[in-house]
Amino acid sequence: MADNGYGFFAMLDRMQYINRWGLMRNNRTENIKEHSFDVAVIAHALALIHNNMGGVPKADPFKVQAYALYHDCTEIITGDLPTPIKYRNEEIKKAYKEVEHEAADRLSSLLPDEMKDEYMELLDPSYEQGGEEGILTGRLVKAADRIAAYIKCILEESSGNKEFSSAKETIKETIDKIDLPEVGYFMEKFLPSYGITLDEITR
C-alpha cells in the first residue's frame, strides 16, 4: 500500500465528474454518480415488488441494490460510451466488454487483497451470475437502468427540451418488452408522478 492509502473509494467519488448523455443537449446534466443512485433505488423497489407479487425465485433486495449501485463504476475509466455506439454490432459489444473487464480489474487493484474478489463481482459488468436468483438480479438491475433513463427523458421533456423525445420513445419500447410484471407495476404506479410540479406530487 502506498503512503496515501488505498484509492478505491476516492476513485468512486470521481463518478460525479463523468456526465451521461454526452451526444445530447441537456437542460440539466446528469453524472453517473447520480444515475447510479437512481438505478439502485429503482432496482431495490423492483425487487420488493417482485417479492410482494409472489415472484419466484425470491429476490434479495439489498443484493440487487448493491449490484445496481456499482453497475456503472467502470465508466470512471472508460467514460460513458453512447448506447448507439456501444451496441452497434457484436464485435463492438464484445470489445467493450473486454474494456469494462479491464477497467473493473484496475479499480479492484485499488483495494486490499482481501476485498478484491467481492468488489470485482460487483464492478465487472461481464460477470455472469449463476442460478435463477443471480439471473433475476441481473434482469432487475437492467430494467432499473432502463427506467432511470426513461425518467431522465421525461424530466428533460417536461422542462421544454425536445432533444430527448426520440430517445424517450425508443427506451419506452425496450421497457415494454421486459417480461417482468414488477416493471409494469412500477411504470403504472410511480412513473406518472415524474415531470409534474411539487404541489402536484404532494397533493
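Scanning for something without any contact (Cβ under 8 Å) to a residue 60 or more places away in the chain and either assigned to a loop (DSSP other than H, G, I, E, B) or more than 25 Å from Ala149 (Cα to Cα) (or both), does the range 61-70 turn up at least one residue?
Scanning the range 61-70, I find no residue that is without any contact (Cβ under 8 Å) to a residue 60 or more places away in the chain and either assigned to a loop (DSSP other than H, G, I, E, B) or more than 25 Å from Ala149 (Cα to Cα) (or both), so the answer is no.
Filter the range 181-203 down to residues that are of a type in the set (Phe, Trp, Tyr) and not in a helix (DSSP H, G or I) and give me whichever is nearest to Val141 (Cα to Cα). It would help to see each step written out before you state the result.
Start the filter on the range 181-203 by keeping residues that are of a type in the set (Phe, Trp, Tyr), which leaves 185-186, 190, 194.
Applying the additional criterion that residues be not in a helix (DSSP H, G or I) yields 190, 194.
Details: Phe190: 17, Tyr194: 20 Å.
Looking at residues that are of a type in the set (Phe, Trp, Tyr) and not in a helix (DSSP H, G or I), I get Phe190.
Sort through Lys162, Lys168, Lys97 and tell me the only one that's under 30 Å from Phe9 (Cβ atoms), out of contact with any strand residue (DSSP E or B) (no Cβ under 6 Å at 6 or more places or on another chain) and not aliphatic (A, V, I, L, M).
Details: Lys162 fails: under 30 Å from Phe9 (Cβ atoms); Lys168 fails: under 30 Å from Phe9 (Cβ atoms).
After applying the criteria, what remains is Lys97.
Among the residues of the range 38-60, what is the count of those that are without any contact (Cβ under 8 Å) to a residue 12 or more places away in the chain and of a type in the set (D, E, K, R)?
0
Restricting to the range 18-37, and then to whatever is free of Cβ contacts under 8 Å to residues at least 60 places away in the same chain and buried (at least 21 other Cβ atoms within 10 Å of the Cβ), can you tell me which residue is farthest from Glu132 (Cα to Cα)?
Ile32
Can you go through Ala10, Ala66, Ala45, Ala40 and tell me which one is buried (at least 20 other Cβ atoms within 10 Å of the Cβ) and under 23 Å from Tyr119 (Cβ atoms)?
Details: Ala10 fails: buried (at least 20 other Cβ atoms within 10 Å of the Cβ); Ala66 fails: buried (at least 20 other Cβ atoms within 10 Å of the Cβ); Ala45 fails: under 23 Å from Tyr119 (Cβ atoms).
None of the other options fit; the residue is Ala40.
Between residues in the range 90-110 that are free of Cβ contacts under 8 Å to residues at least 60 places away in the same chain and surrounded by fewer than 17 Cβ atoms within 10 Å (Cβ to Cβ) and residues that are assigned to a helix (DSSP H, G or I) and of a type in the set (Val, Ile, Thr), which pairs lie under 8 Å by C-beta distance while being six or more apart or on different chains?
Ile92/Ile85; Val99/Thr78; Arg106/Ile77
Among the residues of the range 163-180, write down those that are basic (Lys, Arg) and either touching a residue at least 40 places away in the same chain (Cβ under 8 Å) or assigned to a helix (DSSP H, G or I) (or both).
Step one: of the range 163-180, the residues basic (Lys, Arg) are 168, 172, 177.
Lys168, Lys172, listed by residue number.
Computed from the coordinates by the stated procedures, all read-outs in this text should not be read as laboratory data. These numbers come from a predicted model, not from an experiment. Note: ideal-geometry Cβ built from the backbone for every residue, glycine included; neighbour counts use all protein chains shown.
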